[in-house]
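Novice: I have a structure here, written as structure tokens, and I will follow up with some questions on it.
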Amino acid sequence: MENIRTRLTFGNKVEDVKLRKRKSQLYSKEDESPLNDGGVVVFSVAFRVINCFLVQTSFVPDEYWQSLEVSHRMVFEYPLTFVTYGYVTWEWKEGLRGFTYPLFFAFIYKLLYFINYDSVHLLIWLPRIIQALFAAFADVKFFFLIRRLEGCDVAKWTFFCHMCSWFSWYCCTRTLTNSMETTITCLALSYFPLPGSQTHSSKIYLTLVALAVVVRPTALIVWFPLVMYHFWLETNKLKLITLNLVPIGALAVVISTVIDCIFYEKWTMVQFNFLKFNVFHSVADFYGSHPWHWYFTQGFAVVIGPHFPLFLHGCSIAYKRYTILLAVVVWTIGVYSLLPHKEFRFIYPVLPFCMIFCGISLANLKTWRRTAAFILLVSNLVAALYTGLVHQRGPLVVMGYLQTLCDVSSTSTPPQPDVLFLMPCHSTPYYSHVHCPMKMRFLECPPDLGEEGYVDEADRFYDDPLHWLRTSFPYKSFLPTHLVLFDVLEKDISVFLQGNKFVRTAEIFHTHFPEGRVGGREGCKNKGHISNNLKDTFGFAI
């Protein structure tokens, strides 16, 4: 070989052949970017687990009442006891909710029960840790997707924007169907045939979309334009329908319907009931309504937060390349704007789509990139820590306080603890956060399902609290042993509290922004004696 090389050399000097350096991602060295595959995985898992433990506040009742409370009742209800151990809201009695999502947590609870590790702390935190791990997996897939589409630099900044989003921090580790819907949407997007995507799978992404719809039927709103876009691009449309869309959709409906029929113990099709109650009968309006423009003027700006200027800048740069993603964001917000009942969490699934535009914006900034990134990080960090550790923390703290009564319930002689929540309905978690058959009751508020002159129990109470208490407890022997209420109510029922010798045993901070029936602090009152005070609380005798 050396002889041949010598013969082919012209002149005495042998020059080294210089190869052109290729910029393709397939040939790039792993150490060119600090975000190698292993580093992304480790960072995402560690970040989301920390995220999980630094979110210690309540957001909306569905976080517990549409997941953990249902799962707890499925596993731990004791029908032979004198106390009803578990509760499901009216949606479950009417067949509006599917059991597939709570069944996942019920499996975890059952496993803990079998190995005798069903402590209340594990029942509370293990589902959230698992939710955090799912979110971390979605984060990793999201990074890999952007790296395939745009390269390492844009992927790095998109990942940065995604991970420092205060709303993702606030929501992604919660046991909300919206959180799982967003996680599954992120995973499905990585297999969707986006422009420039070299690796996609119709079967995988459609299976994930079907799962998202089973978890929360409103996932159809986000995915409808994407599936239509795929159908428009597909050359063999008949094959897509007959071999992918119809079989996967039908199988998902059959499996979820079988699961629901088993646990409802009757024929139930949740998707139809969900559509009937929320769209045709507008039952969701019972829980509040907003003007049509609320998402455009308030909701979207709050959810995307400090990323908003970057999103607008990114849209101006990349709207032609990712027209379909921008169209999905506008479509989703537009459809939800047509529904009277609006919440921030409803548009959470489109937030990862927005982060792509934010990442492209940061990657294209030259002079102000570091400054913009620093401002973005600090502003989101402040919002994330405040909402995760301070705002609306009362419901979880008060349930931890009430859980200490379980030991009293199992060892003391009558009267056993009997807790009454004089608060807006579903203000706190329930048995999933005390894990003992202690008697508890709250003010119920199912919607009007056709009864003439219907007024729910919570409204009847707040119309005249003293009258409700006196008629509900005409004899002192019927009184609960503990009352849980917001401070704004205490003045209205002070005569009842003093007359029945209730004393304050705990005062717990809830929010700096009280409004309406929700006060800034929650109180726990005990009948007849002063309990040991918690830290930062006090008790007094009346």
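Novice: Kindly provide the set of residues from segment 431-443 that are surrounded by fewer than 22 Cβ atoms within 10 Å (Cβ to Cβ) and of a type in the set (Phe, Trp, Tyr), ordered by number.
Specialist: Within segment 431-443, Phe442 is the sole residue that qualifies.
Novice: Identify, by number, the condition in (1) modelled with pLDDT under 95; (2) buried (at least 19 other Cβ atoms within 10 Å of the Cβ) that Arg370 doesn't meet.
Specialist: The number of the failed condition is (2).
Novice: To continue, here is another question. Report, by residue number, each residue of segment 457-491 that is part of a loop (DSSP other than H, G, I, E, B) and crowded, with 16+ Cβ neighbours inside 10 Å. Quick ask: steps written out before the conclusion?
Specialist: First, the residues of segment 457-491 that are part of a loop (DSSP other than H, G, I, E, B): 464, 473-475, 479-481, 491.
The answer is Leu479, Pro480, Thr481.
Novice: Could I ask something else about it? Where the second residue is modelled with pLDDT under 95 and among the acidic types (Asp, Glu) and the first is farther than 16 Å from Trp157 by Cα and lies in segment 27-49, which pairs have Cβ atoms under 9 Å and are six or more apart or on separate chains?
Specialist: Pairs found: Glu30/Asp37.
Novice: If you scan segment 152-191, which residues turn out to be in a loop (DSSP other than H, G, I, E, B) and either open to solvent by less than 10 Å² (accessible area, probe 1.4 Å) or among the aliphatic types (A, V, I, L, M) (or both)? Don't jump to the end; show me each part of the working.
Specialist: First, the residues of segment 152-191 that are in a loop (DSSP other than H, G, I, E, B): 164-165, 172-176, 190-191.
The answer is Ser165, Cys172, Thr173, Arg174, Thr175, Leu176, Ser190.
Novice: Those residues that are aromatic (Phe, Trp, Tyr) and open to solvent by less than 30 Å² (accessible area, probe 1.4 Å), I need them from segment 379-410; list them, please.
Specialist: Residue satisfying the conditions is Tyr401 alone.
Novice: Testing Thr218 on (1) within 25 Å of Lys342 (Cβ to Cβ); (2) among the β-branched types (Val, Ile, Thr); (3) surrounded by fewer than 18 Cβ atoms within 10 Å (Cβ to Cβ), one condition comes back false. Which one is that?
Specialist: Result: Thr218 passes all but (3).
Novice: From the list Leu226, Leu240, Leu206, exactly one residue is in contact (Cβ under 8 Å) with a residue 24 or more places away in the chain and either in contact with a Pro (Cβ under 6 Å, 6 or more places away or on another chain) or surrounded by fewer than 22 Cβ atoms within 10 Å (Cβ to Cβ) (or both). Which is it?
Specialist: On the way: Leu226 fails: either in contact with a Pro (Cβ under 6 Å, 6 or more places away or on another chain) or surrounded by fewer than 22 Cβ atoms within 10 Å (Cβ to Cβ) (or both); Leu206 fails: either in contact with a Pro (Cβ under 6 Å, 6 or more places away or on another chain) or surrounded by fewer than 22 Cβ atoms within 10 Å (Cβ to Cβ) (or both).
After applying the criteria, what remains is Leu240.
Novice: Moving on to the next point. How many residues does segment 287-305 hold that are farther than 21 Å from Cys164 by Cα, out of contact with any Pro (no Cβ under 9 Å at 6 or more places or on another chain) and assigned to a helix (DSSP H, G or I)?
Specialist: Looking only at that region, the number is 3.
Novice: Mind checking which residues of segment 113-124 are in a helix (DSSP H, G or I) and either open to solvent by 80 Å² or more (accessible area, probe 1.4 Å) or touching a residue at least 12 places away in the same chain (Cβ under 8 Å) (or both)?
Specialist: The answer is Tyr113, Phe114, Val120, His121, Leu123, Ile124.
Novice: Within segment 306-336, work out how many residues are in contact (Cβ under 8 Å) with a residue 60 or more places away in the chain, part of a helix (DSSP H, G or I) and open to solvent by 40 Å² or more (accessible area, probe 1.4 Å).
Specialist: Filtering segment 306-336 for residues in contact (Cβ under 8 Å) with a residue 60 or more places away in the chain gives 306-307, 310, 321-322, 324-325, 327-328, 331-332, 335-336.
If we keep only those that are part of a helix (DSSP H, G or I) too, we end up with 306-307, 310, 324-325, 327-328, 331-332, 335-336.
Next, only the ones that are open to solvent by 40 Å² or more (accessible area, probe 1.4 Å) stay: 306, 327, 331.
Final tally of qualifying residues: 3.
Novice: Does Arg345 meet the test of being modelled with pLDDT under 95 and either part of a helix (DSSP H, G or I) or open to solvent by 40 Å² or more (accessible area, probe 1.4 Å) (or both)?
Specialist: Numbers: modelled with pLDDT under 95: no; either part of a helix (DSSP H, G or I) or open to solvent by 40 Å² or more (accessible area, probe 1.4 Å) (or both): yes.
Against the criterion (modelled with pLDDT under 95 and either part of a helix (DSSP H, G or I) or open to solvent by 40 Å² or more (accessible area, probe 1.4 Å) (or both)), Arg345 does not qualify.
Novice: To continue, here is another question. What is the residue count in segment 97-112 for residues that are part of a helix (DSSP H, G or I) and either within 16 Å of Phe76 (Cβ to Cβ) or of a type outside the set (Ser, Thr, Tyr) (or both)? Write out each step before concluding.
Specialist: Step one: of segment 97-112, the residues part of a helix (DSSP H, G or I) are 100-112.
Applying the additional criterion that residues be either within 16 Å of Phe76 (Cβ to Cβ) or of a type outside the set (Ser, Thr, Tyr) (or both) yields 102-112.
Total satisfying the criteria: 11.
Novice: Could you grab me the full set of residues in segment 49-88 that are at pLDDT 90 or above, of a type in the set (Ser, Thr, Tyr) and within 22 Å of Pro424 (Cα to Cα)?
Specialist: Thr57, Ser58, Tyr64, Ser67, listed by residue number.
Novice: Touching an Asp or Glu at 6+ places or on another chain (Cβ under 7 Å), surrounded by fewer than 23 Cβ atoms within 10 Å (Cβ to Cβ) and at pLDDT below 95, is that true of Leu194? Step through it out loud before you land on a result.
Specialist: Details: touching an Asp or Glu at 6+ places or on another chain (Cβ under 7 Å): no; surrounded by fewer than 23 Cβ atoms within 10 Å (Cβ to Cβ): yes; at pLDDT below 95: yes.
No, not satisfied.
The values are calculated or read from the model by the stated rules, or taken from the named source; none is laboratory data. On a predicted model such as this, the values are computed, not experimentally measured, just so you know. A quick note on method: Cβ atoms are made from the backbone with ideal geometry, for glycine too, and the neighbour counts reach across all protein chains shown. The accessibility values were calculated without ligands, DNA or RNA, using every heavy atom of the protein model including side chains. Shrake-Rupley method; radii C 1.70, N 1.55, O 1.52, S 1.80 Å.
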